[in-house]
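The structure under discussion appears below in the form of structure tokens.
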Amino acid sequence: MKNVLKWIGLGASALILFVLVVFGYFHVSSSNKTSSTYAGIKGKNLYVTADSAAIERGKHLAHGLAGCAGCHGDDLAGMSTDMRPLAMFNVPNITQGVGGLPPDYSVQDLDLVVRHGIKRDKTGVIIMPVYHNNRIADEDIAAIYTYLMSAPKINRKIEPLSLGPIGKMLVARDQVVVMPAVVNHNFKPGARPGIAPTAEYGKYLAEVACMGCHAPNYSGGPVFNGDPSWPPAPNLTTKLDRYTLESFVALLKTGIRPDGTTIDAKAMPVRDTKNADSLEYAALWNYITSLPKVPDASANWKDELMIK
Ligand code: HEC
Ligand code: HEC
């Protein structure tokens, strides 16, 4: 009996040691990745017009399809969500209050983080969806900047985002990526199409706001860089067959499908899509319903989404 217990004890110690070694590896590997710096890449020094039209445009995008307020908070002063053992998901204050962006924060700094995923301290962001936000056109980045600079300054200090053991494991295994390591820094978004309820403008909006999750050809699949517990993103080229423009708008506003069931709003960001306007809904609808039908999860991420 004693011997058996001794063996069980040894087995348990070996298991604990094994777990410690594995998590030690995840810790070192993930902190190497999150602390890498990207000094050679520069943001674009965009032309900024600080007029009320630009502020309105920036506000509409930041609280709507660009998704900034969905993560940084309705007041933009940051949010903390306890997602342990995944992470303490702390999203920074991006107002110019104490604990927020420094007084000399420039449009070039904003371009660098939104399009390249690189912060002022030259380290990379995780989670922030640079792989589709890098499609935002120059004048819209400038508008978002103008809006941020005009938004009420809120004093709130938020601890840096910190990964728990599961989060470290996901980063070590590249299931959650440090953005500047994967996005194509040579990608240059084209000119923004005219703001109209056209498929052309819908394409622009879908690339900025939907593509990163529903995949480059909108064929869906497991959500890239998402929480592994999320349901897969549906194939929008076939799923919209049972929708009309009205029920599509209802889904984006409320998260309720035509059959009355509710989608998982943590995964599908209704918090952002609910703030889009009727022109944007019509443009998205016209574009997405014009897409060729493709098999589920058939996207070529590497070439199309510019991920290494
Ligand atoms: C899915 C959530 C998410 C979305 C959407 C998002 N962000 Fe972020 N953002 C983050 C997180 C998380 C960080 C901090 C990441 C880190 O430190 O690794 C961050 C960091 C930042 C920073 C700080 C940069 C620095 O120098 O420290 C700025 C500015 C910023 N985001 C602006 C924006 C803007 C503008 C948008 C919309 C175009 C946006 N974010 C959309 C999550 C998000
Ligand atoms: C952060 C990832 C993410 C983004 C961004 C996103 N989606 Fe989704 N979407 C999902 C996931 C995941 C689901 C599945 C949710 C579920 O099954 O509960 C979903 C579900 C949907 C559905 C429901 C289909 C059905 O009937 O089951 C539609 C329609 C949709 N998304 C359209 C869009 C459009 C349009 C955009 C851009 C404006 C967008 N999504 C942006 C992840 C995302």
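Rounded to the nearest 20 debye, the dipole magnitude of the chain is 1040 debye, with +1 charges on Lys and Arg beta carbons, -1 on Asp and Glu beta carbons, and the Cα centre as origin.
The residues of the chain expose, per residue, 51 Å² of accessible area to a 1.4 Å probe.
Distance between Cα centroids, region 1-80 to region 100-144: provide it in whole Å. Here the answer is 16 Å between Cα centres. Here the 3J(HN,Hα) profile of region 116-123, calculated from phi with Karplus coefficients 6.51, -1.76 and 1.60 at θ = phi - 60°, is 10, x, 10, 7, 4, 7, 6, 8 Hz, Gly and Pro shown as x. What's the FRET efficiency of Asp121 with Met83 using the Cβ-Cβ distance as r and R₀ = 25 Å, to the nearest 0.05? The calculated FRET efficiency here is 0.60. The portion of the accessible surface of the chain made up by carbon and sulfur, rounded to a whole percent, is 61 (1.4 Å probe; DNA, RNA and ligands excluded).
The stretch between Ser290 and Asp259, if pulled fully straight at 0.36 nm per residue, gains 8.9 nm over its current Cα-Cα span. For Lys157 and His27, the FRET efficiency from 1/(1 + (r/R0)^6), where r spans their Cβ atoms and R0 equals 25 Å, is about 0.45.
Remark: relative contact order (region 139-264) = 11 percent; criterion is Cα-Cα distance under 8 angstrom and separation of 6 or more residues. Of all lysines in the structure, those lying under 17 Å Cα to Cα from Lys253, and not within fewer than 8 positions of it along the same chain, are Lys266, Lys274. At a Cα cut-off below 17 Å, give the lysines reachable from Lys239, other chains included and same-chain residues fewer than 8 away excluded. Partners found: Lys293. Working from Cα pairs under 8 Å separated by at least six residues, relative contact order for the chain is 21 percent. Can you list the lysines whose alpha carbon is less than 17 Å from that of Lys44, not counting same-chain residues fewer than 8 positions off? Correct list for Lys44: Lys119, Lys122, Lys188.
Peptides 252-261, 86-95, 277-286, 140-149, ordered by how many other C-beta atoms sit within 10 Å of their residues on average, highest first, read 140-149, 86-95, 277-286, 252-261.
The values are calculated or read from the model by the stated rules, or taken from the named source; none is laboratory data. Remember, it's a predicted structure, so these values are computed and weren't measured experimentally. Quick reminder, even Gly has a Cβ in these numbers, built from the backbone with ideal geometry, and neighbours come from all protein chains shown. The accessibility values were calculated without ligands, DNA or RNA, using every heavy atom of the protein model including side chains. Shrake-Rupley method; radii C 1.70, N 1.55, O 1.52, S 1.80 Å.
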